[in-house]
Amino acid sequence: MTGDAAAQTEPRLRPPAESLDPRVKRLWALHGLIATGVVAVLGIVAIVVWSLAGDPPAAALAAGLAGLVALGVAASLVGARIAYRFLRFEVTPLGLYVQRGWITRSWTIVPHTRIQAVETTSGPLERALGLATVEVRTASAAAARIPGLDEGRIARLREDLAAMAGEGEAT
Amino acid sequence: MVGLIGIISLVTGRSPLVVGLVMLGAVVVAAPFAVLAWLRFTYRVADGRLEVRSGVLTRAVRTIPLDRVRGVDISAPLLHRLTGLVQVRVDDAAGGASASGLRLAAVRRSDAEALREAVLSRRPAGGEASAAEREGRVLATVPLGTLALAGATSGRYLAVPVAALAGALNAIRDANVGWVDDLAGRGVDLVPTDPAGIALLIVAAIALAAGVAAVGSVIVDGGFRLIERPGRLVAERGLVGQRSVTIDRSRVRALEVRDSPPWRVLDLAALRAMVGGVPSGERDARGRTALLPAGPADEVWRLAREIDPASHAGLDPHPRAALSRRLVRAAALPAAGAVVAAVLAPWPVAVALAAVAVLMVPVGLDRYRSLGNRLQSGRLGLREGSLSRRHSLVVPQGIVAYRVSQSPFQRRAGLCTLRAFLGQGAGSRRALDVAPARAAGLLERLEPDLVRPLLAGAPRPGDQ
């Protein structure tokens, strides 16, 4: 990921060590497909209603909708893989390090002593896949979010973070 | 209060008079209880905790551990001043800026100040503080003239009068009274349509706005004093409703010097502190507290150095590539609007937008020249902005998290943004459009042990 050209335009931070659970790709793809499905249904309903009510160019609309749906499906599948590759995290001895994003990239570093709470949330789809999102809260608005972790990894993460937070100065 | 009456009357369909009388009745009934509540408030500072007992029908005991107290805010709204009472709010570390904390609605000023002494010096109440300690040392004051000048050129207090005026106009229109409509009609006839007349009208409107802003500034900040007491700073201000905010010095995460183009011409600046947890309640809703609302720039920097001797004004410029980004971001929107307007709207609109786009070019230029950062003598200096320029001095110990971000445009230009998140309520400050090497370098200097293993070329744990 850091070739020669990239080394000059990107901060020289190496990628974090760990990736998410691979099942999260399925989760994100599902999110995308569901959204596409909703748009498709709405589009079909709209076309049907409009055809019954007036005299629209039904063929063109249907083609447009089909194209949109195809785009949505492709984007969901491909997007999930790309997002997976570009979201990585690492628990270092002194802090939590999360890299996120492909189009807009960000590298977040939170020292262990600043972590105030570790929160786990999971939506219904996540639960079905046995995954959850971990949100690490500091005293500021900045929370580091790590989605797509399975329970075992989360339990270990909590232990590690709790052990390393120790007697740091609370803010 | 009036607004509330209006809303209730609208909703229930009863006349405002009836609603007003009902509310007055409620106040009359509740008043004795409020007085009794005040009489029954006692507090105790011991065992590292503040304990307050209050209430008549429902007695309540509230406890806050002393080391969670972030600040004690004493304020005297107009009604309280008439009776010689004050409101006290003890802000603790839990929750957001609006939640929790301990509030005493109406107590004697002497009791409130004794409570504040006890809490902030962590001594049991009743200990004798020397007169000098109680008085404190005045670090800075602001003459009314400076406040008026600063207010008139700040544009900051315009929002309130404009909103009030709009509200009044709405109310008048809704009242649907015949003679008012006639007056409004004649007023509209009077508005000039020739360019000279319009220009005069605009000038008059600006002068009026500046005057209102000056008066607003004087009322809100008049009599400002910054007092130094052991371990804390107290900022007092206000001509009508006097307000006093106490800041625990160890909670100051950053100092900030602010100015604007008119202020720079007048050599004015303002000094603010970003504090973890100072209560909201006035306009500084995010833990920003005014240490000096306005003053000569030299004095502002002198004050900053007095409060924090490590303060420095040094800054290194950002890469040239940031210049085009600032220019584009300043002028692009109005320019695009002008193009759209040229097609869709009457020509004066397009011309106006084009003029705005042209005016934004020097703003963009100034924004680039304002960009700067430097980590020196243990303080991270960060500056950005033009119309509202802020030069922040961040205490590295106050940074809770770091984020380097890079949009695709930044990537193409070889830039990125480093953001330092400060403690709760204090927000964040950033180094905008810096070279990636500089961002990584700053990270390495701020947190060497944490960041060094993360730099490119360092081995990943469990690698090869």
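Readers should treat all values here as calculations from the given coordinates under stated rules, not as data from a laboratory. Just so we're clear, the structure is a prediction, and the values are computed from it rather than from any experiment. Cβ placement follows ideal geometry from the backbone for every residue including glycine, while neighbour counts extend to all protein chains displayed.
For B:THR83 and B:LEU201, calculate 0.36 nm times their separation in residues minus their Cα-Cα distance, and state this gained length in nm to one decimal.
Full-extension gain reported as 38.0 nm.
Give the order of B:ARG403, A:ARG114 when sorted by the count of other beta carbons within 10 angstrom, beginning with the fewest.
Taking fewest neighbouring Cβ atoms as first place, the list is B:ARG403, A:ARG114.
Take the Cβ-Cβ distance between B:ARG103 and B:VAL349 as r, set R0 to 35 Å, and report the resulting FRET efficiency rounded to the nearest 0.05.
0.10
Run the numbers on chain A and let me know its relative contact order in percent, using alpha-carbon pairs under 8 Å that are six or more apart.
It rounds to 22 percent for chain A.
What is the average number of partner chain Cβ atoms found within 10 Å of a Cβ in B:433-442?
3
Just for the Cα atoms in region A:87-165, what are the lengths along the principal axes, largest first, rounded to whole Å?
If we take the Cα atoms of region A:87-165, the spans are 34, 33, 21 Å.
Using the reciprocal of the averaged 1/r over all distinct C-alpha pairs, how large is the Kirkwood radius of region A:23-83 in Å?
Result for region A:23-83, one decimal place: 12.4 Å.
Could you line up A:PHE86, B:PHE224 from fewest to most neighbouring Cβ atoms inside 10 Å?
Taking fewest neighbouring Cβ atoms as first place, the list is A:PHE86, B:PHE224.
Whose amide H sits under 5 Å from the amide H of B:ARG389, counting only residues 5 or more places off or on another chain, with H placed in the peptide plane?
B:ASP259, B:SER260
What do you get for Rg/Rh of region B:328-455 when both radii come from the Cα atoms and Rh is the Kirkwood radius?
That ratio equals 1.12.
Angle, helix A:151-165 long axis vs. longest principal axis of chain A, Cα atoms, 0 to 90°, nearest 10?
Tilt relative to chain A: about 40 degrees.
Helix A:58-85 versus the longest principal axis of chain A: what angle, 0 to 90°, nearest 10, using Cα atoms?
Tilt relative to chain A: about 10 degrees.
Would you kindly derive the ³J(HN,Hα) couplings of region B:293-300 from the backbone phi angles with the Karplus curve 6.51 cos²θ - 1.76 cosθ + 1.60 (θ = phi - 60°), listing them in order in whole Hz, with x for Gly and Pro?
Each residue of region B:293-300 in turn: x, 6, x, x, 4, 4, 5, 4 Hz.
Arrange the following residues from fewest to most other Cβ atoms within 10 Å of their Cβ: B:SER110, B:SER121.
Starting with the residue having the fewest Cβ neighbours, the order is B:SER110, B:SER121.
For region B:321-368, count the residues as N, evaluate 2.2 N^0.38 Å, and divide the Cα radius of gyration by that value, please.
1.19
What is the pair-distance distribution P(r) of chain A, computed from all Cα-Cα distances in 10 Å bins starting at 0, with each bin given as a whole percent?
9, 28, 26, 18, 11, 6, 1, 0
Quick one: what are the phi-derived ³J(HN,Hα) couplings along region A:41-50, Karplus 6.51/-1.76/1.60 with θ = phi - 60°, whole Hz, x for glycine and proline?
For region A:41-50, the Karplus-derived couplings read 4, 4, x, 4, 4, 4, 4, 4, 4, 5 Hz, x marking Gly and Pro.
Need one number: the % of Cα-Cα pairs in region B:226-360 sitting beyond the 22 Å mark.
That tail contains 57 percent of the Cα-Cα pairs.
Eigenvalues of the Cα gyration tensor times 5, then square-rooted: what semi-axes does that give for region B:303-403, in whole angstrom, largest first?
38, 13, 12
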